[in-house]
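The values are calculated or read from the model by the stated rules, or taken from the named source; none is laboratory data. Quick caveat, the model's predicted, so the values are computed rather than measured. Virtual Cβ from ideal backbone geometry, glycine too; neighbours counted across all protein chains shown.
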Amino acid sequence: MPYCSNCGVELDDSVAACPLCSTPIQKFDALTRKPEDSPYPQHIIDPEDAYRLSKAERRRIGVELLTLAVALASAALLLVDLLSDASLGWSRYAVASVVFGWIVSVTPIVLYGRIKAALSIMAAAVIAFLLVLDGMDGQMEWSLTLGTPIAMTTFMIAAATAEIMVTRRIKGINLLGIGALGLSVFLIALESILRIGLGTSIRPYWSIVAALALVSVAVFLFYLHGRVLRGADLRKIFRL
Amino acid sequence: MTKKSGPLAPAQAQYRQPYRALGSSHAREYSHAREYPRAHPWYALDHAAIIYPAILSDKISAYFRIQATLVDRVDVERLQAALDAIRPRFPYLQIELRKGFFWFFFERNEAPNRVVQDSKFPMQKLSTRKRGGYLYRVRAFDKRVALEICHILTDGYGAMIFFRSLLAEYYRMQGIQTEYGDGVFDPKGTPDPAEWEDAFSRHATPGAPKPVRGTAAWHLPGLALPLYTMRVTTGTLSLASVLVKAKEYGATLTVYLAAVYLAALQDVQDAHPRCADRRKRKPLRLQVPANLRNFFPSTTLRNFSLYALPDIDTRLGHYEFREIIVRAKAMMSLAYDSKELARTITRNVMTAKNPFIRIIPLILKNIFMRSVYKSHGENLYSSLATNVGMARLPDSFAEKVLRIDVLLPSTPGLKTVAAMISHRDALSISFGSVIERNDLERAFFTRLVKDGLRVKVESNQVTDPGKESSHALL
């Protein structure tokens with residue numbers, strides 16, 4: 001019987017190396033058994049694996065369940081509305097909300113691992129939802145002047161801020177400063193859109209005050225980041 | 001398949017009484033105690049089992065395995081017939097796990113249970129979400145028959161009786177008759193209600209002081225193997241020579257092997273760079289389970305085991321092997337005492353019976369139990385080594401079985417665990433590990449070799465010659 005010269009343990013005829021220390025085992029061909037004579041089965045797949053769902057299958061089932069739930073809820077809402085009023089009234093708003101909820105929940109599942117594509121579709125869904133809600137009574141009132149511009153501005157500024165944050169080489173307290181700058185730009189844009197949409201004086205006021213406060217905070221944070229903390233990691237600073 | 005008018009119906013007279021008439025509180029938890037035994041039978045989990053469903057995951061299977069290597073190739077059809085024949089005798093194993101609002105429970109399972117093909121990595125968790133799924137399965141490969149059974153159902157003693165009865169029936173179908181009794185059940189016999197009692201409840205002594213809570217133990221370092229894989233390393237020795245060696249040290253077989261295990265753990269800890277400073281070490285503590293049927297009168301086939309926790313505190317210095325033997329022997333003698341064991345039994349039972357704990361919905365209880373398992377379970381010991389003892393196969397077919405092994409599944413916390421069992425003169429010691437490095441196995445077996453014992457080692461993980469286990473230190 002072969003044995004390991006390193007560990008001193010005896011080994012099975014079929015092995016080429018010691019299972020404890022991997023020392024090669026000298027063998028005599030005539031005595032050597034074939035690999036298929038190993039005392040352990042070599043197939044790795046457990047029959048139970050057939051019942052184990054892969055992540056993709058779980059996602060597919062999740063989408064199916066969500067879709068079925070949304071379809072049933074929408075049908076129920078429409079039928080209740082039809083039965084009570086003999087026409088579609090309030091249920092259209094409810095169904096639009098349910099469908100919007102479906103798009104927002106299904107998109108990240110379907111586009112798993114593609115965050116940018118999922119966020120783009122969800123942003124488009126928000127804008128479409130606002131337009132549909134506004135246009136249900138036959139005329140566009142607030143969506144074109146307020147809803148859509150505010151949503152698009154929010155998305156664009158958030159995307160730009162996130163992009164700038166991601167590209168920073170050192171991610172420390174400077175990220176808070178970038179966030180503060182992004183917020184100040186957003187506030188100015190928001191007030192401008194509100195003033196244009198409502199037809200009041202174009203000159204922004206309160207947003208400038210808020211932005212100035214935020215910019216000074218950002219400048220302080222950048223200074224702290226560059227001069228005092230020298231790019232220290234946020235997790236290190238705020239460790240509990 | 002279990003018959004509808006099956007063996008549960010002829011329960012003994014006391015169990016036929018309405019459950020209110022029964023004095024002990026534990027008896028009412030079983031549907032068999034009621035007047036409608038066939039209505040929709042279910043079982044409550046025993047007090048050792050209630051923790052396991054909460055912690056079951058792809059990483060923690062809680063399945064252990066008894067396998068027999070036969071002289072001849074396994075006749076799978078005959079094995080299936082033997083399994084079908086003995087299953088009605090063990091109705092408390094023919095169940096599926098279900099979720100209640102407050103606790104998990106067992107429900108009788110009428111689905112067929114097929115013998116399945118064995119695979120390279122054993123003891124994977126079976127789905128408990130799928131209806132009709134059993135908590136055990138019989139597997140076969142070449143000359144090997146294996147029973148993989150979940151700890152929720154039973155412990156090593158119960159599993160061994162089922163496995164022995166299965167082998168006896170298998171050989172009976174080949175014309176080898178075996179007398180019933182001594183751990184081999186007659187398939188046509190009637191199950192005794194004592195076989196499915198929750199013995200923990202009966203032996204709890206309300207008012208007993210709680211056991212002292214231990215401190216955190218050192219845990220093996222190591223990178224995890226891929227999910228759904230496990231390295232099994234089995235060493236076989238001559239039982240007689242190990243017994244002689246244990247006697248030389250004035251110890252029993254279990255104490256001797258536990259001491260070797262602790263010494264091997266010390267070797268691994270000594271070689272670990274982070275443990276270079278002794279002051280920063282944690283104690284090495286081993287869990288050595290014991291069959292409580294040896295201490296309390298019970299014939300239950302459900303869980304009824306507790307453990308001793310021999311340890312060495314390496315902050316005090318290096319322990320020589322003889323020192324470890326003395327310490328392990330003393331600590332195990334103290335722990336294997338019916339009064340001490342009753343403390344732990346009482347703590348476990350009373351915690352589960354606490355009304356404030358009982359009213360917590362299962363979904364929250366699971367979160368609570370998972371954290372308890374980590375803080376009061378795995379955290380307190382470095383590894384686990386169980387000695388199941390003699391396989392006690394009947395003489396009629398004992399020669400037909402070359403070897404019996406018991407394999408334990410490891411967990412991400414313990415990483416490597418071991419189980420031992422003897423059949424005739426073959427003592428089998430199997431390690432189950434979920435980490436790449438195998439220095440504990442190597443330290444353990446080489447210590448036995450250095451002690452003058454002949455050890456034959458095999459593993460399911462084939463390593464290329466000259467390629468060391470990554471990150472191994474020894």
If you take the residues of segment B:107-134 that are more than 7 Å from chain A (Cβ to nearest Cβ), more than 21 Å from B:Leu45 (Cβ to Cβ) and at pLDDT 90 or above, which of them is surrounded by the most Cβ atoms within 10 Å (Cβ to Cβ)?
-> B:Val115
For segment A:55-163, which fully contained helices (runs of 4 or more DSSP H) count at least 1 residues that are in contact with a helix residue (DSSP H, G or I) (Cβ under 8 Å, 6 or more places away or on another chain) and under 30 Å from A:Val185 (Cβ atoms)?
-> A:90-110, A:115-135
Those residues of segment B:102-141 which are within 30 Å of B:Arg358 (Cβ to Cβ), of a type in the set (Gly, Ala, Ser) and over 20 Å from the mean Cα position of the chain (by Cα), in sequence order = B:Gly132, B:Gly133
Helices (runs of 4 or more DSSP H) wholly inside segment B:348-398 that include at least 2 residues being closer than 25 Å to B:Pro283 by Cβ and within 22 Å of the chain's Cα centre (by Cα) = B:362-372
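Listed here are the residues, each with its yes/no results for (1) closer than 30 Å to B:Gly181 by Cα; (2) surrounded by 15 or more Cβ atoms within 10 Å (Cβ to Cβ).
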| site | (1), (2) |
| --- | --- |
| B:Phe356 | no, no |
| B:Gly377 | no, yes |
| B:Ser383 | no, yes |
| B:Gly413 | no, yes |
| B:Ala418 | yes, yes |
Of these, B:Arg137, B:Arg87, B:Arg78, B:Arg98, which one is basic (Lys, Arg), part of a strand (DSSP E or B) and more than 14 Å from chain A (Cβ to nearest Cβ)?
-> B:Arg98
In segment B:344-362, what residues are in contact (Cβ under 8 Å) with a residue 60 or more places away in the chain and not basic (Lys, Arg)?
-> B:Thr344, B:Ile345, B:Thr346, B:Asn348, B:Val349, B:Met350, B:Ala352, B:Ile359, B:Ile360, B:Pro361, B:Leu362
Going by the conditions given, is B:Leu448 at pLDDT 95 or above and at the interface with chain A (Cβ under 9 Å from one of its Cβ atoms)?
-> yes
Test result for B:Arg437, modelled with pLDDT under 95, basic (Lys, Arg) and within 22 Å of B:Arg73 (Cβ to Cβ) = no
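Identify all residues within segment A:75-103 that are more than 18 Å from A:Leu130 (Cα to Cα) and surrounded by 12 or more Cβ atoms within 10 Å (Cβ to Cβ); write none if there are none.
Selection gives A:Ala76, A:Leu77, A:Leu78, A:Val80, A:Asp81, A:Leu82, A:Leu88.
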